[in-house]
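The values are calculated or read from the model by the stated rules, or taken from the named source; none is laboratory data. In this text, all values refer to a predicted model and were calculated from it rather than measured experimentally. Neighbour counts are summed over all protein chains in view; Cβ atoms, including those assigned to glycine, are modelled from backbone coordinates with ideal geometry. For the accessible areas, the whole protein counts, side chains as well, though only heavy atoms, and no ligand, DNA or RNA atoms are used. Shrake-Rupley method; radii C 1.70, N 1.55, O 1.52, S 1.80 Å.
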Amino acid sequence: MPARMYAVGALLALLVPALSGAWPVDLAVPLEPGKEHFHKLSTVDWVEVEDASIATAEVLPGSNELLLTGQSTGRTLLLLYAGGRLAVWRLTVGKPPPEDAAPRLAAARKACPDLKTTEGAERSLSATVKDTACRMALMELLRTDAYVARELELTFDVPVLQEQLASVQAGLQPLGLEARYSGAGIVLSGAATPEVHHRALWELFRRSVGRVPLNDEVEVKAPEAPAAAPDAGPAVKAEAPIPVEVLPPPRKRKSKP
């Protein structure tokens with residue numbers, strides 16, 4: 001039986017949606033090199049930019065205001081996280097070479113026979129993902145700027161969902177974390193440092209097509225501080241060496257006959 005997955009509610013610029021990361025991105029944000037751009041978010045815990053040489057992101061202290069700064073011409077991704085919710089934005093700085101999505105769309109049409117698109121104000125893409133070829137063709141298309149999440153509607157056959165889950169699990173296994181489906185959503189579990197948790201969310205995004213609710217049960221622990229060295233007591237001040245005069249041996253006296 002097919003499983004239907006919608007790109008619902010993605011993204012007003014002011015919200016981090018209750019969706020897991022998966023291609024395509026939720027929002028495309030244009031930036032200019034050397035210029036700042038502000039977004040007011042309803043809530044955010046942390047953000048992370050894939051390539052800080054292209055753009056940087058900072059949550060301003062005491063607010064949910066996000067400061068984006070273009071650094072150099074190019075494209076990069078921004079991951080936003082808040083209370084178990086995940087979103088990914090594409091940051092395009094300046095005018096990098098355009099992406100030609102037409103060949104990838106043609107390949108996706110061939111691999112997904114019922115794929116349909118609409119243009120204009122109601123632009124959308126819908127398809128039934130029945131096999132690996134369709135899923136991989138869609139992934140290649142949705143990595144481009146062609147669509148954002150709110151324009152996507154996919155229906156997955158269960159074996160393809162299982163295949164996608166296996167790919168996610170393969171990415172999480174080296175990190176010591178697990179993933180499973182629960183109903184229409186995906187559950188992440190295990191224990192990790194903040195750094196490993198971030199890497200796991202990137203893996204989930206990069207290995208998935210379509211949008212599903214995320215239930216993030218990962219226990220995030222701060223890395224343990226290294227043990228303090230034992231107290232060796234007060235430092236001992238070395239004393240200056242005492243010069244020693246070496247005397248020659250005494251002469252032997254001859255005895256009288």
Residue selected from the stretch 125-137 under the condition closer than 13 Å to L105 by Cα and part of a strand (DSSP E or B), by the criterion most open to solvent (accessible area, probe 1.4 Å): S126
For the stretch 85-96, indicate whether the set of residues that are over 30 Å from G34 (Cβ atoms) and either within 24 Å of the chain's Cα centre (by Cα) or of a type outside the set (K, R) (or both) is non-empty. yes
Among the residues of the stretch 145-177, which ones are assigned to a helix (DSSP H, G or I) and under 22 Å from H198 (Cβ atoms)? A149, Q164, L165, S167, V168, Q169, A170, G171, L172, Q173, P174, L175
Only one of (1) without any contact (Cβ under 8 Å) to a residue 40 or more places away in the chain; (2) part of a loop (DSSP other than H, G, I, E, B); (3) β-branched (V, I, T) is not met by T69, so which one is it? (2)
Within the stretch 31-68, restricting attention to residues that are among the hydroxyl-bearing types (S, T, Y) and closer than 21 Å to W202 by Cα, which residue is nearest to the chain's Cα centre (by Cα)? T56
Scope the stretch 162-178; condition open to solvent by 70 Å² or more (accessible area, probe 1.4 Å) and out of contact with any helix residue (DSSP H, G or I) (no Cβ under 8 Å at 6 or more places or on another chain); matching residues: Q162, Q169, Q173, P174
Might you check whether a residue that is open to solvent by 40 Å² or more (accessible area, probe 1.4 Å), polar (S, T, N, Q) and either closer than 29 Å to P103 by Cβ or in contact with a helix residue (DSSP H, G or I) (Cβ under 7 Å, 6 or more places away or on another chain) (or both) occurs anywhere in the stretch 138-161? no
Output the residue which, of all residues in the stretch 29-82 that are exposed (fewer than 15 other Cβ atoms within 10 Å of the Cβ) and basic (K, R), is modelled with the lowest pLDDT. K40
Among the residues of the stretch 96-106, are any modelled with pLDDT of 95 or more, touching a strand residue (DSSP E or B) at 6+ places or on another chain (Cβ under 9 Å), open to solvent by 20 Å² or more (accessible area, probe 1.4 Å) and in a strand (DSSP E or B)? no
Identify, please: which residue in the stretch 142-181 is charged (D, E, K, R) and over 21 Å from the mean Cα position of the chain (by Cα) and is, among those, nearest to L204 (Cα to Cα)? E163
